[in-house]
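This report refers to the structure that appears directly beneath it.
Derivation of every value follows stated rules applied to the coordinates shown; laboratory data play no part. What you see is a predicted model; the values in this text were computed from it and never measured. Don't worry about glycine lacking a Cβ; one is built from the backbone with ideal geometry, like all the others, and counts go over all protein chains shown.
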Amino acid sequence: MASTLEWQVDKRDGGTVVAASGRVDESTATEFAEVLGEHAETAGARLVVDLGGIEYMSSRGLRALTLAHRRGEEAGTKIALARPNETMREILSISRYDMVFPVADTIEEALAS
Amino acid sequence: MQVRFWGTRGSLPVAPKAGTIADKVADALVAANGRSFADKAAALAFVEDDLDFATGRSYGGATSCVEVDMGEGPFIVCDLGSGVRELGLDTLRRCAQEGRPKEWHIFLSHLHWDHIMGFPFFVPAFMDGAKIIIHAGHPDAEQALRRQQEEISFPVPFDWLKADIEFRTLETGREYEIGEVTVSVILQHHSHDSYGYRFRDRDGKVAIYSTDSEHKIDQMHDENDFAQFFGHADLVVCDTMYSLADSVSMKEDWGHSSNIVAVDLCHEAKARRLALFHHEPTYSDADIQRMHEETIRYEELTRDTDALEVLCAYDGLCVEL
Ligand SMILES: [Zn+2]
Ligand SMILES: [Zn+2]
């Protein structure tokens, strides 16, 4: 059974908040990368990826964040990560992704980061 | 099948400095906290049981050399890094004591210096009656080995070596019966290419040697081929030189992979064990140990069903499959 992610998009002043929920693994990573990449080009100054509903992310999901970051660069969009659960926080630390993306506890902090 | 690690360091051999050992001894004494030991065996038991690896031991600093040993027949050796010097001596001991044939099958991942630099110090190459077959995906393997023994680089020219040395170029997409094993080959992303090897013995045990292999961010679909190549392996030796973040930013295109991608590939492949390998030469033992602990944790966090055992290769490690 192919799993999919559920998406919510919220346009705010100064940026866009995108929330996906589910597990970002081999079966959903392509979708995760494509949807995020599209938002990165149109988000405005800031694309906040709300991780609140993400159970965990494998390397493909993490690398999708990097690909989205690259697509956003030309449009001048910067990506920030918000509301990781404990598992995601550990994965961001082990992969050192917390050194390349700002990670915030709240959406508001992420928008302002 | 036993897999024995003779060299596990990436890019450049390293050695501990005086201060490194002094630190370990001091940490061990603090940990012992005034305990006394009846004899050396008791002290060694303390090192083994009570000290963490980075305090009581060391991952070593020789460059890539891994033996896949069936306990009989010709020797199977992956790469000729500086670790092959000791392997050469130990295999000669086994020839003398166990009557093993003086035949070595070498499998080269690629021709970068850290993977061939041990060959001029590989004693069997100097011996009459020794047979050495060097297998590589690269047709220019012979040129690389001859060139490092040109007079400007080394005093003994390649043509003076007394062993019978033969080069064979292997192709991907097929299987070879060599010695006691069945071997297949996969092309990997690396400067001037590199190749991974899959060794299967007669009992069906499988060991994978995949080093100096970058899994590129814009070609993630290629990873299915690697997961298939690693499929149900009993041990996957994997290049885990960088963090994932480094491998897609500053060190992108440097030709190496991360612990995170290695775990994901092994999960997908339903492999049983992963050995972290080709350690970054600037890493201390404590750095490598931390990377090992973090990789074990990442494996737990992302595990779907069956557990993958995560080992950290060190010079001297022997894994029984
Ligand atoms: Zn190397
Ligand atoms: Zn290399």
Checklist line | Whole-Å distance, taken between Cα centres, linking segment A:33-99 and segment B:181-238 | finding: 29 Å
Check: Straight-line reach from B:K102: which lysines have a Cα under 17 Å away, not including same-chain ones fewer than 8 places off?
Finding: B:K131, B:K162
Next item on the list: Would you calculate a helix-derived [θ] at 222 nm for chain B, using -39,500 (n - 2.57) for each DSSP H run of n ≥ 4 and dividing by the full residue count, to the nearest 500?
Entry: -8500 deg cm²/dmol
Check: GluC sites (Glu not before Pro) within segment B:238-321: which are DSSP loop residues with at most 16 other Cβ atoms inside 10 Å?
Finding: B:E252
Margin query: From Cα pairs below 8 angstrom and at least 6 apart in sequence, can you work out the relative contact order of chain B, rounded to a whole percent?
Written below: 18 percent
Check: Quick one: if you stick a label point 7 Å off each Cα along the C-beta vector at B:D27 and B:R93, how many nm between them?
Finding: 2.8 nm
Next item on the list: Can you tell me what the convex hull of the Cα atoms of chain A projects to on average, as an area in nm²?
Entry: 6.0 nm²
Margin query: Suppose R0 equals 60 Å. What FRET efficiency, 1/(1 + (r/R0)^6) with r the Cβ-Cβ distance, do B:T282 and A:E6 give to the nearest 0.05?
Written below: 0.90
Item checked: Partner aspartates and glutamates for B:K17 [C-alpha distance under 19 Å; skip if fewer than 8 residues away on the same chain] -> B:D27, B:E280, B:D285, B:D287, B:D315
Next item on the list: Have a look at B:Q289, B:Q188, B:Q219 and tell me which one the Gaussian network model of chain B (Cα, springs below 10 Å) gives the largest fluctuation.
Entry: B:Q219
Margin query: Let me check against my output: what whole-number percent is the relative contact order of segment A:6-112, with C-alpha pairs under 8 Å and at least 6 apart?
Written below: 27 percent
